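The values are calculated or read from the model by the stated rules, or taken from the named source; none is laboratory data. Because the structure is a prediction, the values reported are computed rather than measured. Glycine also receives a Cβ, built like all others from the backbone with ideal geometry; neighbour counts cover every protein chain displayed. The accessibility values were calculated without ligands, DNA or RNA, using every heavy atom of the protein model including side chains. Shrake-Rupley method; radii C 1.70, N 1.55, O 1.52, S 1.80 Å.
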Amino acid sequence: MPKDLAAQLQQGLQSLNLSLLNEQQLTLIAFIELLKKWNRVYNLTAVHGLHQMLQRHILDSLSIGPYLKGVRVVDVGAGAGLPGIPLAIAYPEFQFVLIDSNRKKTRFMQQAKTELKLDNVEVVCSRAEDFHSDELFDSVISRALSSLSQMVCWASHLCAADGVMLAMKGSYPDAEVSDLAKSFEIKAVHKLNYWGLDADRYLVEIQHAKSLNQN
């Protein structure tokens with residue numbers, strides 16, 4: 001592990017108030033290195049440097065950890081496994097299903113699952129709206145899945161009645177909030193912050209309207 005990268009990871013984890021075992025930190029670094037290696041051929045992300053990947057992908061993904069609910073999590077439009085894989089490394093007690101319709105991306109996620117020995121990860125090649133599960137999810141997460149209304153349209157059938165949908169956004173989604181279906185409501189909008197962040201990042205927390213009214 002490059003010493004400076006390890007030091008940056010430590011700084012980032014401290015800024016998130018997140019304590020991880022050394023083994024987990026090594027696995028996060030291994031994931032970054034694997035992502036960089038595959039990115040040369042598969043063009044999985046526009047971010048290329050290890051340090052940039054650490055800040056923009058790993059810390060960004062981990063920043064939503066405190067808002068996860070329950071133990072069953074589905075990452076819709078997971079792409080290169082973000083935020084699902086970093087979260088699965090940090091929270092081994094949770095079960096993650098990572099969904100993406102792009103085969104080269106699901107191949108990469110499957111390789112990462114195998115190489116990093118992530119037994120709490122399942123990779124599915126499918127569109128979110130076509131995927132169904134016998135057991136619904138406590139948390140439905142997305143990092144780059146279009147608008148809030150489209151996320152609800154495509155993935156709300158995966159969310160348990162008392163579950164939560166968590167959408168990561170680069171700007172405060174004023175316009176998107178008004179477009180939400182009436183059966184869903186915004187529970188909260190959290191401003192994310194972590195070491196090295198140089199832009200606005202938000203997490204929108206959405207729940208079934210009936211569930212929110214009961215809380």
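A few remarks follow.
- Residue selected from segment 91-111 under the condition in contact with a helix residue (DSSP H, G or I) (Cβ under 6 Å, 6 or more places away or on another chain) and in a helix (DSSP H, G or I), by the criterion most open to solvent (accessible area, probe 1.4 Å): Lys104
- Arg72 being among the basic types (Lys, Arg), modelled with pLDDT of 95 or more and crowded, with 19+ Cβ neighbours inside 10 Å: yes
- Filtered residues of segment 15-37 (kept if over 15 Å from Ile89 (Cβ atoms) and in contact with a Phe, Trp or Tyr (Cβ under 7 Å, 6 or more places away or on another chain)): Ser15
- Scanning segment 146-167 for residues that are assigned to a strand (DSSP E or B) and either open to solvent by 10 Å² or more (accessible area, probe 1.4 Å) or hydroxyl-bearing (Ser, Thr, Tyr) (or both) gives Ala160, Ala161, Asp162.
- Test: Ala209 is open to solvent by less than 70 Å² (accessible area, probe 1.4 Å), modelled with pLDDT of 95 or more and either within 22 Å of Leu18 (Cα to Cα) or among the hydrophobic types (A, V, I, L, M, F, W, C) (or both): no
- The number of residues in segment 124-145 being part of a strand (DSSP E or B) and free of Cβ contacts under 8 Å to residues at least 40 places away in the same chain comes to 2.
- Considering only residues in segment 168-189 that are free of Cβ contacts under 8 Å to residues at least 40 places away in the same chain and in a strand (DSSP E or B), the one that is surrounded by the most Cβ atoms within 10 Å (Cβ to Cβ) turns out to be Phe184.
Okay, residues lined up against (1) polar (S, T, N, Q); (2) open to solvent by 20 Å² or more (accessible area, probe 1.4 Å); (3) not in a helix (DSSP H, G or I):
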position	(1), (2), (3)
Thr27	yes, yes, no
Ala30	no, yes, no
Lys36	no, yes, no
Val41	no, yes, no
His48	no, yes, yes
Gln52	yes, yes, no
Gln55	yes, yes, no
Leu59	no, no, no
